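Okay, structure first, notes after.
The values are calculated or read from the model by the stated rules, or taken from the named source; none is laboratory data. The structure presented is a predicted model; accordingly, all values stated were derived computationally and were not measured. In this analysis, Cβ positions are derived from the backbone assuming ideal geometry, glycine residues included, and neighbour counts consider all displayed protein chains.
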Amino acid sequence: MIEPILARRSIRKYTDEPVTDLEIRRILEAAMAAPSASDKKPWHFVAVTDRWTLDQLAEYGSHWQMLREAPLAVVVCGDPVVSERYWVQDASAATENLLLAVSMMGLGAVWLGCHPRPERVGPVRELLDIPHEIEPLAVVSIGHPAEEKEPRTQYDEERVHRDKW
C-alpha cells in the first residue's frame, strides 16, 4: 500500500499544540531506520523546541518563515568523516523516513534545504553549536497541521524510461 506515501504533503501551517517527547522519539526512530551505505549511519539530529531558537532559524532561509509557528524543527546532519562518499544520500534517506513518519503520525512537516548553501549552513551550525566537521543537510519544520492537503501522485509517464533512455 503506497497511500501513506501519497498522503505525505509539505505542511507549512501549524497549530500551537506542542509535539511531545514521545512523538519526537518516534520520529527520530523512523529517521534512523533509513538505509545507510555500508551501514555507516553518518547522521545526527538536532531537535529544536526552544521558541527563540526556532525564530532565529526562520531568519536563515528565504522560505523558512513557517518555523515561527512550528513547535519543533529537526535539523538533519551528516558526518562526512564517517561516510565521505554517501553521507548526503544517507542523511537524505533519513530525512524522507522522518517526513513519512511525521505524516503517518498525523503531524505535518516541510523539508527546508540547508546543504550545500554556505549562507544557511554557517548560521545554522553556529546557532546550534554543531561541530565544524558535521554538515547540516536539512531543517525540517514539524507541528500539528493547521492546513489540510489532499493526497496526490505526481506520476509523470514522460519521466519513465524502460530498459534504455
(request) Could you tell me whether region 92-110 includes any residue that is touching a Lys or Arg at 6+ places or on another chain (Cβ under 6 Å) and among the polar types (S, T, N, Q)? (result) yes
(message) It is to be established whether one or more residues within region 62-71 are at pLDDT below 95 and either in contact with a Gly (Cβ under 8 Å, 6 or more places away or on another chain) or loosely packed, with under 14 Cβ neighbours inside 10 Å (or both).
(response) yes
(message) Just to be sure I understand the filter: pairs with C-beta atoms under 7 Å, separated by 6 or more residues or on different chains, first member in region 1-25 and over 17 Å from Val140 (Cβ atoms) and of a type in the set (Val, Ile, Thr), second member part of a strand (DSSP E or B) and modelled with pLDDT of 95 or more. Which pairs pass?
(response) Thr15/Gly143
(message) Take Arg25 and tell me if it is over 14 Å from the mean Cα position of the chain (by Cα) and in a helix (DSSP H, G or I).
(response) yes
(message) Being farther than 9 Å from Gly108 by Cα and β-branched (Val, Ile, Thr) is the filter here; which residues of region 140-155 pass it?
(response) Val140, Thr153
(request) Looking only at region 14-35, decide whether some residue is under 16 Å from Met105 (Cα atoms) and of a type in the set (S, T, N, Q). (result) yes
(message) I'm checking my understanding of the structure. Among residues of region 6-33 that are basic (Lys, Arg) and surrounded by 13 or more Cβ atoms within 10 Å (Cβ to Cβ), which one is farthest from Pro151 (Cα to Cα)?
(response) Arg26
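One line per residue, one yes/no per condition, for (1) touching a strand residue (DSSP E or B) at 6+ places or on another chain (Cβ under 8 Å); (2) farther than 30 Å from Tyr86 by Cβ:
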{"position": "Ala7", "(1), (2)": "no, no"}
{"position": "Ile11", "(1), (2)": "yes, no"}
{"position": "Asp16", "(1), (2)": "no, yes"}
{"position": "Val19", "(1), (2)": "yes, no"}
{"position": "Asp55", "(1), (2)": "no, yes"}
(message) Take Ser38 and tell me if it is of a type in the set (Ser, Thr, Tyr), out of contact with any Cys (no Cβ under 6 Å at 6 or more places or on another chain), under 27 Å from Glu3 (Cα atoms) and outside any loop (DSSP other than H, G, I, E, B).
(response) no
(request) Name the single residue, out of those in region 133-165 being part of a loop (DSSP other than H, G, I, E, B) and in contact with a Ser or Thr (Cβ under 6 Å, 6 or more places away or on another chain), that is nearest to Thr95 (Cα to Cα). (result) His144
